[in-house]
Structures are given as structure tokens and as C-alpha cells.
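Student: Sharing a structure, written as C-alpha cells. Questions coming.
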Amino acid sequence: MNTLRLVTEEPVTTEELAEAVHTALADGGTFVGVFGVPRGSAVGVVALVLGGATLRRIEGVVDRRSPKYPALTPTVPGALWYERALHDLTGVVPIGHPRLDPLVFPVGGQEGDLGVRFPIDAAPNERLVPATRALSGQVVGEGVFTIPYGPVRSGVFESVEYLVETDGEDIPRLRVRPYHKHRGVAAQFRGQDLEDGLWLAERYEGTLSVAHATAYASALESLAGVEVPPRGALLRLVHAELERIAHHLDSMIRLSEGAGQAVAYARLAWYRERVLRLIASLCGHRFGRGVVALGGVAGPPQLDLAEARRELSDLAARLESDLERLMLTPSFLDRLRGTGALPPEAVAKHQPVGPVGRGSGIAADARVQLAYGGYRLVAAPAVAVRQAGDALARQQVRIDEVRGSISLVLDGLSALRDASGPWRVGVDVPDGQGAAIVEAPQGALVYLVEVNGGRLSEAIVRTASFHNFALFSSAFQGDILTDFVFIEASFDASMAGVAG
Amino acid sequence: MPWVTRWLREGVLTTRYPARRDDYGAHFRATVTLQTPREQLTAGRARPGPTLAEVAARCPTSAIGEDGAVLSLDRGRCIGCGRCVASRPDVFRFSPELEGAEVAREALVVATSEAPTTEDVEGAMRALHARTRALRRSIHVRHVDAGSDGSEEWEIKALWNPVYDVQRLGIFLTASPRHADVLLVTGAGASGMAGPLRRTYEAMPEPKVVVAVGTEAISGGLVASSYATRGGVGSLVPVDVWVPGSPPSPFAILHGMIRAVDLVVGR
Ligand code: SF4
């Protein structure tokens, strides 16, 4: 069973919400996010705080006739982007928020304009038009101009727009507009069949299908009080770690390309292809879709375990030698050292997760702290931490983690060989709420699901990429143009997860 | 060992496709197709398991059409979840085909099992490749993400990795839409990308060809009914080639590009 405990606090008034969250954080919790959910004709403002293995859910309800509440951001700086998204999606105004311009869907910019329908009210198949005219800040002062970059770029990128604001003297500021590719995925969970929700979760961030499917399924399993059998838990672990290797390699491929390391780039790209092929040999899909099923996994691996071991060991030996070489290549290291260093104050305020957080000294890793599923059945990975907070620190964390993931997969395969019993068990999900946290390649991924009448009535999804990307612009302290590709690759954000 | 010699010791990694068949494709669950000719389906209804109407109702993207006599399967909607295959393996099967791209949207709907065999498609591909060569110039490609889940981007990027290396077929990514022949569009058609996508399309010179990459781009997939998407990119730009798959494999995308090149040659 998922070791995470979900505690739903007594409802508070929206006036008390900021105080309640602040108190929960003062008890040693970390801020997970704040989200707007439909409550009949009202809007529930749901804040999540993680303390140890307890996820506390604090909700205040906002009346739509007076759609506002005192913002959390002034006392909980990590709420900055969450409240912007909440405003976009529900029209509810967090009063006192320092910068409430649109983030994920710019319809909220027309606030007060009667006749506006916010995403939270949209019926199935109702198409809303994002009001790009609501975007502010094209020109913010005399002599200040902005240079847009994206959303369409040369090369193959997910869509996101960056705005470089400069007055020609100070260090230019970077602003991020992820809204272009917003798909409204979280809202699509409402009313879904529980099994269909799994397919949707796999496509929330399509390169993180295993992480999402595992988090989604675990949330329902924890609500049902079901423990995934060892074989199911171990096969989930094997796929989750292969997914991590593929993602960490993706970051390194982009860094090598940016640094003009053509051979390293080609070799790492080849390894990544081999990892995807290994995943496909194990399950029939290059991104591991269809592996996770409610109560375990859909079935046994399609590849002989010894063969999977051989392929991974061969790949690991080659990769190890190339990574050693790469980390001794001065022209590569010079591009990363000191680049994109996150200021410690910003890190303290926003508590980034995953390699971005661990590269800045935050030693959090849900695999170790929550020891969920298969992570209780094999030796726990060491938490990789660096202090410098720059692109190099994030790269070093990822290298340690790739090594850790390789041994986890090998251990997982051995444990699978010795395990017996079913691959999955039946899950009878009662009405209620369940939550799960898994350590995705980018950091902690949080699912909180509500089931009503055997169907999903709500899903709150907190992606690590969304959480971390609020800090992206803080990583630019120097030359935006030359550092851009390294900082972007070292964040390794999934834009699908940022835009939602 | 220096970087240069590291590369040499690995020998040839690059696939010979499309000149030769590449065996790697065989284990993909690319999309689902029908197992048996239509006549047998009626007989198959007597078999144990859910009825075809029940299977159709359980498809998460309504890809299966069943109206008594005719059973159809829209590969442009199928996300490959496998539910129909698991419940009626006598009727549905995973198709390992890599070459599923079609130039007409309706062609993605299979109503019988009379799909071309792999050999037929391969022959067609060789012919297409010969025409690409006859064009005697490179093909320039632009990509726009119109609300993807991110996996299509990985599979497109893979085409430039040393395994697929499409540069050897004369296919390059271009830095400007003004030099692009082929536009690869991914994603469910996010409303926020309607304008940027349109502008890219309009900036491209004639002749130009648009490839919708993936089930989401074709039909919107599981987010088809979202307030923020338009049920695929077909309503945002005129699509010429449809590549099914969730996501399509690099081979499937390559096949779609080869069909696109054929269209560029023809225009
Ligand atoms: S595989 Fe899934 S999505 Fe595709 S047709 Fe069958 S049930 Fe529908």
C-alpha cells in the first residue's frame, strides 16, 4: 500500500486559509500547491502541504458571487504560479497576489467582464477562446522593450513562449508564457471511468507515462486499501527507473548538443534510443504505456528477464565510460559551471523538487522518504545532492541518479526473477479521496483523486515541471542568450506538464 | 579514448530503412486493426466474451463503430489502450506495422482486414524514395507543437539521432518557415496554438505539405472534448498526411514524411 497518509482538515473559511497553510508549513511541512476545484456553484480552494509521510489537504470554499479570497502568495511564496493558474481556470481572484497575469489559459484576464466563461464552467465539447488581448506587460516602462522567443522555435520543441524584457542597462528579465499548449488535461478526469483515467494519466506528460500511471493508480489503490503484489510493484519500479534514465539522458543530450559535443550528443542519443527499445521489448510500447494497471501491472514482461539484464548491463558499461569522459571534457564543464545558478533565497522560498531541488541542496526524494511500492522491496537508492545550484550541479545529480537507476533496474529484475504470485489484484474503489506521490524524473508528482459513484469526480495533479518552472527565470543571472540552452536543458521540464 | 575514435568502434548503427526492411518494428503495438474479414465477424459474435457493441461502447475514444452488420475501426482515434484486443482477440489485434500513414483521413478507418501487406507498402516506399532522390534537393522540415503530450517530440527528434539519421535521406530541420517544405504538427490542437500554427503555415512557400503526427493531432485523442483543444489540428491547418499512433514510432513518422515528400514532388 502507498505509505502516504492523506489527512483532510476541517474546512476553513477562505479568510483563514492563508493562516492555516502557514501554520501547517510552520510545523515542518513543504508546500505542494493550491488548486481550484468545482463545488457545485462555488469553487473549492484546495491547498496541499506535505509533512513527513502525511499529505494535508486544507480547503476553503469561495462563493462565486464574490469570487475572491486573500492570496497565499504573500505569506507562502511557493504559491506564486499556483494562484495564477487557479485564477486563469476558475476566475477566482487571490487578493494581494503580486503579479496575477495569465499563465496557463488567459481567459481569466477578462475578469469582471460578464459573459466570460472560465474553464471550470466549461461543458464537454465547449471550446473556449484564449483571450490573448488580456496579456499585459508588452511594454512595462519607458525604454523597456521585450523580445519574444517562441512559442514556435526552430528545432523540435514543445511550445512555450519566453519574453526577454530589457531596458538596455540592467540584466534582462525573462518571463515565461506556457499557456499556448494548455490542453486542460486535469479537467478531463472529471466524470471519467476509473480505468479510462489511467489512459489519460499516461498522456498528461507523455514522456512520463509510467510515473503518471503509477501515481494515478496508487491514489486509487490507497483509497481502496489495496496493496499491489510484489511482482506488480517490482515491474512498475523497473519501468519507472527506465523512464528516469531516458529523461536524464534527454537532458544530457541537449546539454551536449548545446556545448557542441557532437560525439557525446550522438552517443547519448543512441543510448536513449536503446533505453526506449528496451522498454518496448519489455512491454510493447516505447513509453511504457499500458504497463500499469489498477492493482498492479497489466501482465508479465514480454522479454526474458536475463536478456533484459544483459542489454541493460551492456548499455550501462558503455554509458558509464562515456559519462566519465564527458565529465572530464573541459569545454563541456565550462558551459555548465556557474550557469543558471539558482539564488539560495529563491530556492528557500520555492522549494524546487527533483534534480533541480537536489542540485540546490534540497535532499528530498519520494522514493526514499515514502518508500512506496517496489522501493520497499529493493535496496533504497542514495539521495543524490549537490549544493552549487547551477547547471553543473543538476547534471552531477542526474549522473548519480542514472547510475542509481541502473542498479535499481538490475535489482528489480533479479527480485522479479525470484518473486512469485499475481501481477495484479482486483481493486474495488469506494467513494472518497485518495492520494499518492511518486518520484518522477523531474521530482515529486502528486495525484489526489476523488471518486463518486464509481467514477472520478475530481483529480488534482501537481507535476514537478510546473512546480519547478516558476523558478526558471530566477536561474538567469547573466547572459540570457548564451546560457539559455543550458539552463533550459538543465531544468528538463516537460512543457505538457507545465501548461497542463 | 578520445571522442572521435569512440564513434568508430561501434560500426554501423544507422538503420538501412527505407532501402531495406528494419526488423526493429516488429514488437510495436503501433495501432489496432481488425483481425478477420467482415463476414467472419458475424459468426464471431457467437463466441464468448462481450458483444462487439459492448466493446465499441468501452473504447475510450469511440474509435470503434458498430451498427449491426458493419464493424469499423478508426485508427485516427485509437490510442492503442488494448482494451478491445484483450476482450475480443478474435476480432481485434495489435498491428506491428510501422507504415500506417495515410494521405486521406478516411483511409485510417478500417472496415475489413484487407490492409496492404507490409511487402506492398515496402515496394511503395522504395518507389517514393526513388522519387525523393529524383527531386535532387533536400527537403526542409518545420515542426509545430499544437498541444502534444511531449512524446511525439521525442519521437520526431529521434529521427535525427544516429540510429535513424534522416539527414542521409536529405531531410533537414529548417530554422525558418520560409524555407520549409513539410510542416509536422503534433498535439490535440490547443486553442492557444491556433494563431502561431496558422502563421507558420502561411509563412511557408508553396508547395507545402502538412503532416498531422499522432492520434492526438488527428482526432484530439483523449482530450478531444476539452475546452482548450479543437479535437485535432485538422480544423486549424489543411492536413495532407495523417500518421496514427499514440505516439507514432520514429519509423511511422518517417513513413509519414516520405509520403509527404511524395506530395511535395507531385505539387
Ligand atoms: S485499442 Fe483502445 S482505443 Fe484503440 S480501438 Fe481498441 S479500445 Fe479503442
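Student: Through the Karplus equation 6.51 cos²θ - 1.76 cosθ + 1.60, θ set to phi - 60°, convert the phi angles of the range A:16-26 into ³J(HN,Hα) values in whole Hz; use x for Gly and Pro.
Tutor: Couplings: 8, 4, 4, 5, 4, 5, 4, 5, 4, 6, 5 Hz.
Student: In µm²/s, what is D for the range B:163-227 at 25 °C and 0.890 mPa s, where D = kT/(6 pi eta Rh) by Stokes-Einstein and Rh is the Kirkwood radius from Cα pairs? The partial results should precede the final answer.
Tutor: On the way: Rh = 13.3 Å.
Taking Rh from Cα pairs, D becomes 185 µm²/s.
Student: OK, next. With Cβ to Cβ distances under 9 Å as the rule, what net charge do the other residues near A:ALA459 carry (K, R +1; D, E -1)?
Tutor: Summing Lys/Arg as +1 and Asp/Glu as -1 gives -1.
Student: Run the numbers on chain A and let me know its relative contact order in percent, using alpha-carbon pairs under 8 Å that are six or more apart. Walk me through the numbers on the way to the answer.
Tutor: On the way: 1025 pairs, mean separation 87.2, N = 500.
This gives 17 percent for chain A.
Student: Out of residues 5 or more away from A:VAL425 or on other chains, whose amide H comes under 5 Å of its own, with H placed 1.01 Å from N in the peptide plane?
Tutor: Counting only residues 5 or more places away or on other chains, the set is A:GLY296.
Student: What percentage of all Cα-Cα pairs in the range A:435-479 are separated by more than 13 Å?
Tutor: Values: 639 of 990 pairs.
Of the Cα pairs, 65 percent sit more than 13 Å apart.
Student: Which of the lysines could a cross-linker bridge to B:LYS208, judged by Cα under 30 Å and excluding same-chain residues fewer than eight apart?
Tutor: A:LYS181, B:LYS157
Student: Considering amide H positions built from the backbone, and no H for Pro or chain starts, which residues 5 or more places from A:VAL32, or on another chain, come under 5 Å of its amide H?
Tutor: Those qualifying (amide H under 5 Å, at least 5 residues apart or on another chain) are A:LEU48, A:VAL49, A:LEU50.
Student: Sort the range A:319-377 into rounded, prolate or oblate with this rule: let a ≥ b ≥ c be the square roots of the eigenvalues of the Cα gyration tensor; rounded if a/c is under 1.5, and if a/c is not under 1.5, prolate when a/b is larger than b/c, oblate otherwise.
Tutor: Oblate shape, in that a/c is at least 1.5 and b/c is the bigger or equal ratio.
Student: For each of B:HIS255, A:HIS22, A:HIS182, count neighbouring Cβ atoms within 10 Å of the residue's Cβ, then give the residues from fewest to most.
Tutor: In increasing order of surrounding Cβ atoms, one gets A:HIS22, B:HIS255, A:HIS182.
Student: Going by the alpha-carbon gyration tensor, a ≥ b ≥ c the square roots of its eigenvalues, is the protein assembly as shown rounded (a/c under 1.5) or, if a/c is not under 1.5, prolate (a/b greater than b/c) versus oblate?
Tutor: It comes out rounded by the Cα gyration axes.
Student: Another question about this same structure. Would you calculate, for chain A, the mean residue ellipticity at 222 nm contributed by helices, counting each DSSP H stretch of 4 or more residues as -39,500 (n - 2.57) and dividing by all residues, to the nearest 500?
Tutor: Working: 16 runs with 200 residues, N = 500.
Mean residue ellipticity at 222 nm (helix-derived): -12500 deg cm²/dmol.
Student: Determine, for A:ASP418, A:ASP88, A:ASP431, the number of other Cβ atoms within 10 Å of each Cβ, and report the residues in order from fewest to most.
Tutor: A:ASP418, A:ASP431, A:ASP88
Student: Roughly speaking, what is the stretch gain from B:SER176 to B:ALA104, that is 0.36 nm per residue apart minus the C-alpha to C-alpha distance, in nm to one decimal? Present the calculation step by step, with values, prior to reporting the outcome.
Tutor: Values: separation 72, 0.36 × 72 = 25.92 nm, distance 2.76 nm.
Fully extending the segment from B:SER176 to B:ALA104 adds 23.2 nm.
Student: If you don't mind, there's one more thing I want to ask. For a quick check: sort B:SER138, A:SER494 by the number of other beta carbons within 10 angstrom, fewest at the front.
Tutor: B:SER138, A:SER494
Student: With labels modelled as points extended 7 Å from the Cα through the Cβ direction, what inter-label distance (nm, one decimal) is found for A:VAL116 paired with A:ASP27?
Tutor: So the label points at A:VAL116 and A:ASP27 sit 3.6 nm apart.
Student: Then there is this: Pull out the extension gain between A:ASP167 and A:ALA382, defined as 0.36 nm times the separation in residues minus the alpha carbon to alpha carbon distance; nm, one decimal.
Tutor: Result for the pair: 72.9 nm of gain on full extension.
Each value in this text was obtained by applying a stated rule to the coordinates, not by laboratory testing. Fair warning: this is a prediction, and the values are worked out from it, not measured in the lab. Because the Cβ atoms are built from the backbone with ideal geometry, glycine has one as well, and the counts that use them run over all protein chains shown.
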